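Report on one structure; see the data block that follows.
The values are calculated or read from the model by the stated rules, or taken from the named source; none is laboratory data. Remember, predicted model here, so these are calculated numbers, not experimental data. Quick reminder, even Gly has a Cβ in these numbers, built from the backbone with ideal geometry, and neighbours come from all protein chains shown.
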Amino acid sequence: MKKTGLLAVAVSLMLSLGAFAGEKAADAKARPQAEGKGKIRERARPDAAQTQKSLTDQLAALKQEHQAAMTELQAIKQLATKEKATETGAALDKLIARHEQEYQKKVEPMQKRLDALKKAEGKAQAKGDDKGKGGDDKGGRPKDNPRKGKRKE
């Protein structure tokens with residue numbers, strides 16, 4: 001009886017996780033797609049700081065959801081182990097492994113994009129720092145260069 005109850009809990013949790021993932025996919029498909037390049041360009045692009053903050057927030061939310069699910073699954077697995085429900089424990093191990101893989105598939109691209117944004121921001125800041133060093137604001141020749149602005153005679 002206890003093994004059946006554990007299995008039912010594990011299956012219901014698995015189904016709820018699957019339904020949650022399905023809702024996310026449906027939401028992504030329901031978003032309006034731009035028809036042509038013109039409409040894509042019409043949309044205002046968020047600046048790098050906004051995008052970086054958004055990605056950081058999304059990663060934090062995903063991590064929090066993942067940790068909550070893993071904690072719950074681990075608790076069920078411990079209960080199954082305590083009750084010597086080996087088949088349920090094995091099923092939970094597979095479920096935990098699959099959930100971990102799905103989490104990594106979601107997080108890796110987001111983390112790579114965040115790293116790229118941080119790297120680009122660092123380069124932009126370094127470039128901005130170089131502009132004020134002995135040159136004009138446009139990155140041209142130094143202000144004290146006698147040839148600048150004079151014509152050959």
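Number of residues in region 79-124 that are surrounded by fewer than 15 Cβ atoms within 10 Å (Cβ to Cβ) and part of a loop (DSSP other than H, G, I, E, B) equals 2.
Only one entry in Gly139, Gly134 is more than 30 Å from Gln52 (Cβ to Cβ), modelled with pLDDT under 80 and not in a helix (DSSP H, G or I), namely Gly134.
Name the one entry in Glu121, Glu72, Glu65 that is at pLDDT below 90 and either over 20 Å from Thr51 (Cα atoms) or of a type in the set (D, E, K, R) (or both).
Glu121
Residue pairs whose Cβ atoms lie under 7 Å apart, sitting 6 or more positions apart in sequence or on different chains, and linking a residue in region 91-114 that is closer than 15 Å to Ala60 by Cα to a partner that is assigned to a helix (DSSP H, G or I) and not aliphatic (A, V, I, L, M), are Tyr103/His66; Met110/Gln58; Leu114/Gln52; Leu114/Thr56.
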